[in-house]
Amino acid sequence: MTIDTASSKSTTKDQASMQHEVAPQKSVIRRLLDGPELMIFGSLIIIIAIFTVMAPTAFLSGINLRNMAIEASMMMILAVGMTYVIITSGIDLSVGAVLVFSSVASLIAMRATGSDAPWVPVLGLAVALASGAFWGLVNGLLIARARLTPLIVTLASMGIALGLARLMTGGVDLTGVPRSIVTSIGIGRIGGIPVIVLIACVFASVAGIALHMTRFGLYTYAVGSNEQGARRAGIKVDRHLISIYVFSGVCAGLAGYLTLTRFSSTTISGHSMDNLKAITAVVLGGASLFGGIGSMYGTAAGVFIPVVLASGLIIVGLPSFWQEVAVGIVLLAAVLLDQYRRRTRSS
């Protein structure tokens, strides 16, 4: 019996030793899947390297790098709101249209004053944010209260918001943005860094802190992971979902206002792919379309992929519609990666 017991202990130790040797290999794979920022960064480096080889002078020029940083900043603001929405297992296809509507409403309000007073840009910002919040409230109420599917609700609001924006402008872009906000924000710099980039960094940082370090962020993950469980735990899920969609609308409104300062006019036809770009950035950053998983850090890494792709394709001379093809392919790859992560975690 003593020999058998010793033998059994020896066998158990051998098995534990073998498991210990195999465990690090699994943990590395798990770490890569659970922390996709490394994979995103590697993919981004490869894409940059390809375009650098194809057009080194143009792609790495100061103007192009600055433009990519600004474009990524604009997309980051949209992606911040989309991160919250996707973590709750929702979707918001209306962000691009809400951006356009908010910019149109903001500019019309500023032009209606007929004044160059310092308070006019503040009025424009308030109108843009309020417009975005309105569409977010509509989306949130229909999704949380009427129990409609987020895909259908935001698809409908996308069409309505964009249609109203075109009706308000007659289908043409409006000009007349106050020069003060164009020079101070649109083309302004602080320490050589574009003001728009600084605004996006601060905004994303605050949103990231709220997501990862506050009760509001905890509730967001809880709702996305198990809505019924969140209700049983006492979380007011309907109110929280409405808040999330309002916040997404506010992000689109802020992006619309910054668009005015950047281009000195509305850009009605320039945001048809913004919703897909924002979704792509969030999913590439590790968020799951099934909810409950995601991070602002991942979104910050993922937002550069579609921006660099779009810029590089233009520089190498490909027609503009190839940008849509590339973004669609990247989105499909991101969804497949999300599915692979889910299967790996459940195995």
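The values are calculated or read from the model by the stated rules, or taken from the named source; none is laboratory data. The structure displayed is predicted, hence computed values, not measured ones. As a convention, Cβ positions derive from the backbone with ideal geometry for all residues, glycine included, and neighbour counts pool all protein chains shown. Remember, those area values only see protein heavy atoms, side chains included, never the ligands or the DNA or RNA. Shrake-Rupley method; radii C 1.70, N 1.55, O 1.52, S 1.80 Å.
Structure values in brief
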| item | result |
| --- | --- |
| Val122 being within 23 Å of Pro194 (Cβ to Cβ) and either of a type outside the set (S, T, N, Q) or open to solvent by less than 10 Å² (accessible area, probe 1.4 Å) (or both) | yes |
| Sole exception among (1) closer than 22 Å to Thr299 by Cβ; (2) touching a residue at least 60 places away in the same chain (Cβ under 8 Å) for Arg215, by number | (2) |
| Checklist (1) part of a helix (DSSP H, G or I); (2) of a type outside the set (D, E, K, R); (3) modelled with pLDDT of 85 or more; (4) surrounded by fewer than 24 Cβ atoms within 10 Å (Cβ to Cβ) applied to Ala301, failing item | (3) |
| Subset of segment 105-150 (residues that are charged (D, E, K, R) and more than 22 Å from Thr266 (Cβ to Cβ)) | Arg145, Arg147 |
| Of the criteria (1) closer than 24 Å to Val223 by Cα; (2) open to solvent by 20 Å² or more (accessible area, probe 1.4 Å), which one Gly270 fails | (1) |
| Test: Val246 is more than 22 Å from Arg66 (Cα to Cα), surrounded by 17 or more Cβ atoms within 10 Å (Cβ to Cβ) and of a type in the set (A, V, I, L, M, F, W, C) | yes |
| Residues located in segment 168-215, provided they are open to solvent by 50 Å² or more (accessible area, probe 1.4 Å) and part of a strand (DSSP E or B) | Thr175, Arg189, Ile190, Ile193 |
| Scope segment 129-154; condition more than 25 Å from Phe203 (Cα to Cα) and of a type in the set (Val, Ile, Thr); matching residues | Ile143, Thr149, Ile152, Val153 |
| Gly317, sole failed condition from (1) surrounded by fewer than 16 Cβ atoms within 10 Å (Cβ to Cβ); (2) in a helix (DSSP H, G or I); (3) not hydroxyl-bearing (Ser, Thr, Tyr) | (2) |
| Residue check for Thr259: open to solvent by less than 40 Å² (accessible area, probe 1.4 Å), of a type in the set (Ser, Thr, Tyr) and farther than 25 Å from Gly186 by Cα | no |
| Conditions (1) farther than 20 Å from Gly62 by Cα; (2) touching a residue at least 60 places away in the same chain (Cβ under 8 Å); (3) out of contact with any Pro (no Cβ under 6 Å at 6 or more places or on another chain); number of the one not met by Pro178 | (3) |
| Members of segment 68-113 that are over 18 Å from the mean Cα position of the chain (by Cα) and open to solvent by 10 Å² or more (accessible area, probe 1.4 Å) | Phe101, Ala105, Ile108, Ala109, Arg111, Ala112, Thr113 |
